[in-house]
Amino acid sequence: MSTLGDRGSRDIAVEDWYGLDMATPGPVDAAPEDSLFPPIGEYGFLSDCETTALIAPSGNVEWLCLPRIDSPSVFGSILDRSAGGFRLGPEGITVPAARRYLPGTMVLETSWATPTGWLVVRDALLMGPWHHDSELSHTHRRTPTDYDADHVLLRTIRCVTGEVQVTFECEPVFDYGRYPGAWSYGDRSYSQGVCRPAREAPGTPLTLTTDMRLGFEGGRAMARTRMQEGEVHFCALSWTDHAPPFTYQEARQRLLWTAHHWQHWLARGRFPDHPWSRYLQRSALTLKGLTFAPSGAMVAAATTSLPEVPHGERNWDYRYCWLRDSAFTLWSLYALGFDWEADDFFWFLADLAQRDDEVQVVYGVDGERDLSEQVLDHLSGYDGARPVRVGNEAYTQRQHDVWGTMLQAIHIRLGSWQRLDDRMWRVVRRQVESALKYWREPDQGIWEVRGEPKHFTFSKLMCWSAVQRGAQAAQARGEVALAKKWNEAADEIRDDVLAHGVDERGVFTQHYDTKALDASLLLLPMTGFLPREDPRVRATILAIADELTVDGLVVRYRPEETDDGLPGDEGTFTICSFLLVSAFSEIGEMDRAQQLCERLLSLASSLDLYAEEIDPRTGRHLGNFPQAFTHLALINAVIHVIRGQRQPPGPLPPLPA
């Protein structure tokens, strides 16, 4: 065992380290001061399928919303360094030696090298057996499973070699950084503290349980100890009546239960024996982590207001469920074998479509309709990017692609319209009637532009999809007259799109009044609007690849050609780049598909996660994180390429979008 450990020895070690001559070849220009904010792509992501947490490389929990994923934050330093955090790690060291997920899990492991020893920290949002054996759950609406969220953030630490000074500081600031916490000791002496919002402000009370000795400094709970080789400690933050672990042995057992739960869950999936399977597996885990299990909803991302452009204004709250993602969500989950999750998501959609006369674009995780947007002026924003928004005004927008997406989702779930029951037939009719009612009107489009509504080509195309699929469903139910009527309406929409949404090159345009391109039309070959072999399909895909890219990565549109109501540039959307991979595959450009897919996979974060955008010049991840649609598009793209590699020459079998 190392003899280092007293303060003097540690000072000598640190002094020796900083005194080393690193043999720098000549003078070096001073670098600008580093940002106080970690790169977006370097956060670790945790989930218990009711809430999520983001952990910075420094070991600081910088995002945690309680009790739900869309609730106000208790740790929000990702949006303002004074909005609360929870760091556990070695004193004076903030850059870890390595980080990884335990294979097949959502358990994050961080290894620390210090001048005097090595530490390993493991973090997880605990899962446990189903809790509601003697009473009904007040939140769960889907069929119960064998497991449930424990409502505990567990952090364990082990000294591997030598000895290390360890500290933790837990400073909740409730309601998005508005209200500091007031700590008091619990009923376990120095081993437990309870934090409530000061001045009776709103917020979920927290209990911190540990085998280290707690002290309180203002709104901060702290512990410090010297760990020697083989020593272990834990700390557990809990927020409901479910008991936290009270000993390290109990903490270790519950961490193992959580890790085994994730591995057993992943083992239910179907993954090809291929070098890219790791990306499919991490994407599957990430999508599961972005699911709100009580309702079956899947949110677009775990965060709000991470900027799409550094220091910019394109900052939105993505902690809600967008219906436009529903067909991709179902296809991806079914394709990977996660039928239970796909079914839960489908029944969430069905509940909304049955309840509401007209579905809206986006909903809360329990089906809430009102997502009124607010600006949090008291927060400085990630690296100065303001405004910080909660809520999303997109719920008030008209986006005409949603009805086609709903019909695609229903067809993916059923597999055949012959299986359509009376309940879902009413839902189908309602979506078709909405498409027929509104298709001639302009809308905000799939990208939710905040400028003037336009006759977006993709929106018209998806109205056609809704009506055409509705006609197929009507035919299957024997309603021949209705099927004929809807087929005629679908033909009218199709003729209108071909007359007004295609330029003289045979390329589909963003909307009827422009020749600008739009990346949404990468979905064209996967909609059935035209045969994949149609020259207009090929021309559109190749035009987007050549003219709507920056260094090979796709932008949604050119801001100078699109009235999106916002200042600043538009970054490259990783979703769209993965969609280009799928589109290349659909039109037979397999070499280009594989090359682009390889590049995109190489740009994954160190933990194989993706934000909404990637700067093509630096590889920096931008926007909310992790992004569900990016991982959904990754699954679609990777499966396209792998199937293309394994098929004999000739056209690929159809893959629904």
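The values are calculated or read from the model by the stated rules, or taken from the named source; none is laboratory data. Not measured: the values here are computed from a predicted model. No Cβ is skipped: glycine too gets one built from the backbone with ideal geometry, and neighbour counts run over all protein chains shown. Calculation scope for accessible area: heavy atoms of the full protein, side chains included, ligands and nucleic acids excluded. Shrake-Rupley method; radii C 1.70, N 1.55, O 1.52, S 1.80 Å.
One table, with the values for the structure above:
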{"quantity": "Sequence-distant aspartates and glutamates (8 or more away, or on other chains) whose Cα lies within less than 12 Å of Lys454", "calculated": "Glu441, Asp443, Asp513, Asp563, Asp564"}
{"quantity": "FRET efficiency, Lys437 to Val480 (Cβ-Cβ, R0 30 Å, nearest 0.05)", "calculated": "0.85"}
{"quantity": "For region 466-477, 3J(HN,Hα) per residue [Karplus equation, 6.51 cos²θ - 1.76 cosθ + 1.60, θ = phi - 60°, Hz, x = Gly/Pro]", "calculated": "4, 6, 5, 5, x, 5, 4, 5, 4, 4, 5, 8"}
{"quantity": "FRET E, pair Ser111, Glu313, Förster distance 45 Å, beta-carbon r, rounded to 0.05", "calculated": "0.75"}
{"quantity": "Relative contact order %, region 499-657, counting alpha carbon pairs below 8 Å whose residues are six or more apart", "calculated": "20"}
{"quantity": "Residues with amide H under 5 Å from that of Tyr147, placed H, sequence gap 5 or more", "calculated": "Trp130"}
{"quantity": "Fraction of accessible area attributable to carbon and sulfur, the chain (%, probe 1.4 Å)", "calculated": "49"}
{"quantity": "Gain upon complete extension [Val375, Gln418; 0.36 nm per residue less C-alpha separation]", "calculated": "10.7 nm"}
{"quantity": "Helix axis angle, 574-586 relative to the chain longest principal axis, alpha carbon, degrees", "calculated": "40"}
{"quantity": "Relative contact order for region 357-479, counting Cα pairs under 8 Å that sit 6 or more residues apart, in percent", "calculated": "27"}
{"quantity": "Label-to-label distance, nm, for residues given as Gln228 and Asp495 (7 Å Cα→Cβ offset)", "calculated": "8.8"}
{"quantity": "Other-chain or far-sequence residues with amide H under 5 Å of Phe573's (modelled H)", "calculated": "Val554, Val555, Arg556"}
{"quantity": "Crossing angle, helix 277-289 versus the chain [Cα axis fit, 0-90 degrees, rounded to tens]", "calculated": "80"}
{"quantity": "Net +/- balance of residues flanking Phe584 in space, Cβ distance below 9 Å, scoring K and R +1, D and E -1", "calculated": "-2"}
{"quantity": "Packing rank of 467-475, 145-153, where each peptide gets the mean count of other beta carbons within 10 Å, highest leading", "calculated": "467-475, 145-153"}
{"quantity": "Mean-position separation - Cα centroids, region 280-302 and region 367-434, in angstrom", "calculated": "16"}
{"quantity": "Whole-Hz ³J(HN,Hα) from phi, Karplus 6.51 cos²θ - 1.76 cosθ + 1.60, for region 136-150, glycine and proline x", "calculated": "7, 5, 8, 10, 6, 10, 9, 4, x, 10, 8, 9, 7, 5, 8"}
{"quantity": "Computed E for Arg599/Asp133 - FRET, C-beta separation, R0 45 angstrom, nearest 0.05", "calculated": "0.35"}
{"quantity": "Accessible area of region 200-341 divided out per residue, in Å², using a probe of 1.4 angstrom", "calculated": "37"}
{"quantity": "Spin-label model distance (nm) - Arg270 vs Val502, 7 Å beyond Cα toward Cβ", "calculated": "3.6"}
{"quantity": "Positive dipole terminus of the chain, leading residue within Pro172, Gly470, Val554 (C-beta point charges)", "calculated": "Gly470"}
{"quantity": "Residue-by-residue Karplus 3J(HN,Hα) for region 512-520, coefficients 6.51, -1.76, 1.60, Hz, glycine and proline x", "calculated": "5, 10, 8, 9, 5, 8, 8, 5, 4"}
{"quantity": "Accessible area per residue in Å² at 1.4 Å probe, computed on region 87-126", "calculated": "32"}
{"quantity": "Within region 539-657: Cβ-based charge dipole about Cα centre, in debye rounded to nearest 20 (Lys, Arg +1; Asp, Glu -1)", "calculated": "600"}
{"quantity": "Among Val427, Met222, Gly186 - extreme Cα towards positive end, dipole of the chain, charges at beta-carbon", "calculated": "Val427"}
{"quantity": "Helix-only CD estimate at 222 nm, as mean residue ellipticity for the chain, using -39500 (n - 2.57) per DSSP H run (n ≥ 4)", "calculated": "-10000 deg cm²/dmol"}
{"quantity": "Net charge dipole size for region 383-487 [Lys, Arg +1 and Asp, Glu -1 on Cβ; Debye, nearest 20]", "calculated": "320"}
{"quantity": "Distance in nm between pseudo-label sites at Ser82 and Trp347 (7 Å out along the Cβ direction from Cα)", "calculated": "4.8"}
{"quantity": "The chain, dipole about Cα centre (Lys/Arg Cβ +1, Asp/Glu Cβ -1), debye to the nearest 20", "calculated": "1460"}
{"quantity": "Built amide H within the under 5 Å cut-off of Trp63, gap 5+", "calculated": "Leu54"}
{"quantity": "With Cα atoms, 0 to 90° folded angle of helix 402-414 axis to the chain main axis", "calculated": "80"}
